[in-house]
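Data block below; observations after.
The values are calculated or read from the model by the stated rules, or taken from the named source; none is laboratory data. What you see is a predicted model, and the numbers here were worked out from it, not measured in a lab. Cβ sites come from the backbone with ideal geometry, for glycine too, and all protein chains shown count toward neighbours. These area figures cover heavy atoms from the full protein model, side chains too; ligands, DNA and RNA do not enter into them. Shrake-Rupley method; radii C 1.70, N 1.55, O 1.52, S 1.80 Å.
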Amino acid sequence: MLAYLVKRIFQAIGVMFVISLIGFAIQDNLGDPLRELVGQSVTEEVRQELREELGLNDSFTKQYTRFLGNALHGDLGTSYFFKEPALDVILKKLPATLELVFGATLIIVCLSVPLGVMTAIRPNAILSKFIMGASIIGISIPVFLTAILMIYVFSVGYGWLPSFGRGDVVHVFGDWDTNFANVDGLRHIIMPSFALASIMLPLFVRLIRAEMMEVLQSEYVKYARAKGIRPWRIYFVHALKNTLLPVITVGGVQIGTMVAYTILTETVFQWPGMGFMFLEAVNRVDTPLIVAYLIVVGFIFVVTNTVVDLIYGLVNPTVKLARLGA
Amino acid sequence: MSILNTIPEPSRWSRIKKSKIGYSFRSNPVAVVSMCIFVCITIMALLAPLIAPFDPYDPAQIDIMNSEYPPVWIDGADPQFLFGTDDQGRDLWSTILYGTRLSLMIGLCAVTLQAVIGISIGLISGYVGGRLDSLLMRLADIQLSFSTLMVAIIFLAVAQAMFGSELFSRYAIYFLIAVIGVSEWPQYARTVRATVLAEKKKEYVDSARVLGFGPLRIMVRHILPNSLSPIFVISTVQVANAIISEASLSFLGLGMPPSQPSLGSLISSGFDYIFSGSWWITAIPGVVLVVLVLVINLLGDWLRDVLNPKLHKG
């Protein structure tokens, strides 16, 4: 187990190293830091002097080592637009994105388990067929279209819910403002969370259903039935417990994927999170911010995947560690 | 005897019709309807230059004064525009036809690219085995752990910032195909590798080896034809996903430009007008996109059930 852990962590470090290399390559080739600093009105001599001073004439390896050293100290450069350290800009936007992901996860967990179990228990019921049909339609609708549809119906049509922004947030501490503390905040987060959840929900319903149907065929469930245990206890205590392992594994990986979908959701709802900021940074060619986003998101991906793999190895004794760790 | 011998060889078409797949197709109304819709959309998209009443790429045929006419069944419409016009005064029906053609083309080309890369890597990985196999599969794991959309967004964003939006939009179609094609190869590689590992142990491979055929010939001519059914199954899902990815990227402004819109960029340009009540610019391309992806997914579901009876529906 320890060897597996060490291998997995080394792999994570390797991937982060490659990401930092890509980040540096982008920073090196995209835009001119001098023009951002001094504009057009400086003579060529002063420019050369500044280049030398900033170390822009150094060799690639030297510049990269400096970039990596700064990055390890949490210095990912200064945003051209905000004139602030890029990491600070991102960390300020992070809570908004995390709350959105949290809201969506809450919806997915609360809906996918009962729906998945129900469709597995009664596969031929009309409601189950309806849910399965709806799930394939749900997979086929891109997340931005769901979001637009919701805005059109609930904001433009009925005027029930606000269509953009975070609304009235409550300050918690540091950079963290929460949407979950008052009614206005909740009203603002409902639609973005549902839109974000809509892409994953069908996937989880189908996954839980498939796993559940397999477990319900197994000997121990038959035995539990024979013992006369009440059906709901068999379904929700005995069977569900054993379906959760693959669900948690897929879920952990999907949380990383959800970060990608937050870009789409945040764009439609103008949600002031990381994804929205990233697209603005792209439009402004704000290189340090683009690179910082790449590294922060890469970090989130690598950490979630490593943790999920480790949990999987820990929880499931039947997994051959040799295969996973080789 | 001679009478018996004269029974004609069944034609290829009737052989397909009588096969297991053909029977299951005919007895499954969802598959038949999906296939009909898919074929209709594809043919209309392919024939777009012939059936579209206007050419949306020709600036001479666009008049800004015609912008935002509603579809014909709503008051205030101009009868020459069936589905109304978009914000630039283009006929929506023609633009959707051309856009569907682009979306389909990008989806199919991207999946072809995925398949070529993924199948080659999967074959090599499964057949050669050893260190090369574990290295390639490790790479596939890492690639899979990053979502395609994320990789595509970052790649296209950097490309757009690097080349400038004018140059980028001229070559956007190639960028899209390349990025969607490259970032999804592990799906194919893993599936192909798994089947190759199973096929490799069979006797026909041994006999081919004994006959002295080279590894390339065995891989391509012997093992590959026997691994085709899982490839077909994932291909349908991959085409649907590629079309959604393309639409999402175009929606973010990282794909096809508004002057040459795919379904995604059309929806995106309509989104700016949704608050002023011009819902049709978003809704009609949206419906086309969803129907297209839905029928491909339904066909994929059906194909998976037929070719993989052991698998659960789910």
Residues being farther than 17 Å from residue B:234 by Cβ, of a type outside the set (A, V, I, L, M) and away from chain A (no Cβ under 11 Å) - total across the stretch B:281-308: 0
Hits in the stretch A:119-144 - residues which are over 28 Å from the mean Cα position of the chain (by Cα) and among the hydrophobic types (A, V, I, L, M, F, W, C): A:120, A:121, A:125, A:126, A:127, A:130
Pairs with Cβ under 7 Å, 6+ apart, first in the stretch B:129-141 and away from chain A (no Cβ under 11 Å) and within 17 Å of residue B:200 (Cα to Cα), second assigned to a helix (DSSP H, G or I) and open to solvent by less than 50 Å² (accessible area, probe 1.4 Å): B:132/B:125
Breaking point among (1) out of contact with any helix residue (DSSP H, G or I) (no Cβ under 6 Å at 6 or more places or on another chain); (2) at pLDDT below 85, for residue A:285: (1)
Residues located in the stretch A:111-142, provided they are out of contact with any Pro (no Cβ under 9 Å at 6 or more places or on another chain), of a type in the set (Val, Ile, Thr) and within 11 Å of chain B (Cβ to nearest Cβ): A:119, A:141
Single residue of the stretch A:143-154 satisfying the filter (in contact (Cβ under 8 Å) with a residue 12 or more places away in the chain and facing chain B (nearest Cβ under 9 Å)) that is surrounded by the fewest Cβ atoms within 10 Å (Cβ to Cβ): A:151
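Only one residue in A:181, A:197 is among the small types (Gly, Ala, Ser), closer than 30 Å to residue A:275 by Cβ and surrounded by fewer than 18 Cβ atoms within 10 Å (Cβ to Cβ). Which one? Talk me through it step by step, then tell me what you get.
Working: A:197 fails: surrounded by fewer than 18 Cβ atoms within 10 Å (Cβ to Cβ).
Step by step, each of A:181, A:197 is checked, and only A:181 is among the small types (Gly, Ala, Ser), closer than 30 Å to residue A:275 by Cβ and surrounded by fewer than 18 Cβ atoms within 10 Å (Cβ to Cβ).
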Scope the stretch A:263-284; condition touching a residue at least 12 places away in the same chain (Cβ under 8 Å) and at the interface with chain B (Cβ under 10 Å from one of its Cβ atoms); matching residues: A:263, A:264, A:267, A:268, A:275, A:278, A:279, A:281, A:284
Test: residue A:279 is aliphatic (A, V, I, L, M), in the same structural domain as residue A:143 (by TED's automatic domain parsing) and open to solvent by 10 Å² or more (accessible area, probe 1.4 Å): yes
Within the stretch B:201-277, helices (runs of 4 or more DSSP H) holding 2 or more residues that are more than 14 Å from chain A (Cβ to nearest Cβ) and surrounded by fewer than 21 Cβ atoms within 10 Å (Cβ to Cβ): B:203-210, B:228-251
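Can you say whether residue B:198 is assigned to a helix (DSSP H, G or I) and open to solvent by less than 30 Å² (accessible area, probe 1.4 Å), as far as the supplied structure shows?
On the way: assigned to a helix (DSSP H, G or I): yes; open to solvent by less than 30 Å² (accessible area, probe 1.4 Å): no.
When the stated conditions are applied, residue B:198 does not pass them.
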All positions within the stretch A:214-246 that are open to solvent by less than 20 Å² (accessible area, probe 1.4 Å) and under 27 Å from residue A:302 (Cα atoms): A:243
Residue match in the stretch A:21-37 (condition: modelled with pLDDT of 80 or more, under 24 Å from residue B:135 (Cα atoms) and open to solvent by 50 Å² or more (accessible area, probe 1.4 Å)): yes
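Residues checked against (1) loosely packed, with under 14 Cβ neighbours inside 10 Å; (2) at pLDDT 75 or above:
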residue	(1), (2)
A:40	yes, no
A:45	yes, yes
A:51	no, no
A:65	yes, yes
A:74	yes, yes
A:83	yes, yes
A:92	no, yes
A:95	no, yes
A:99	no, yes
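Please go through the stretch B:122-137 and pick out each residue that is assigned to a helix (DSSP H, G or I) and either hydroxyl-bearing (Ser, Thr, Tyr) or on the phi > 0 side of the Ramachandran plot (or both). Give the steps one after another, and end with the answer.
So the first thing to find is which residues in the stretch B:122-137 are assigned to a helix (DSSP H, G or I), and the list is B:122-128, B:130-137.
Answer for the stretch B:122-137, where residues must be assigned to a helix (DSSP H, G or I) and either hydroxyl-bearing (Ser, Thr, Tyr) or on the phi > 0 side of the Ramachandran plot (or both): B:125, B:127, B:130, B:134.
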Residues satisfying the stated conditions in the stretch B:99-134, i.e. open to solvent by less than 10 Å² (accessible area, probe 1.4 Å) and hydroxyl-bearing (Ser, Thr, Tyr): B:100, B:103, B:125
Pairs where the first residue, in the stretch B:153-166, is farther than 15 Å from residue B:251 by Cα and facing chain A (nearest Cβ under 7 Å) and the second is open to solvent by 10 Å² or more (accessible area, probe 1.4 Å) and not in a helix (DSSP H, G or I), C-beta under 6 Å, 6+ apart: B:161/A:285
Candidate set from the stretch B:150-195 (those that are outside any helix (DSSP H, G or I) and modelled with pLDDT of 85 or more); member that is farthest from residue B:118 (Cα to Cα): B:171
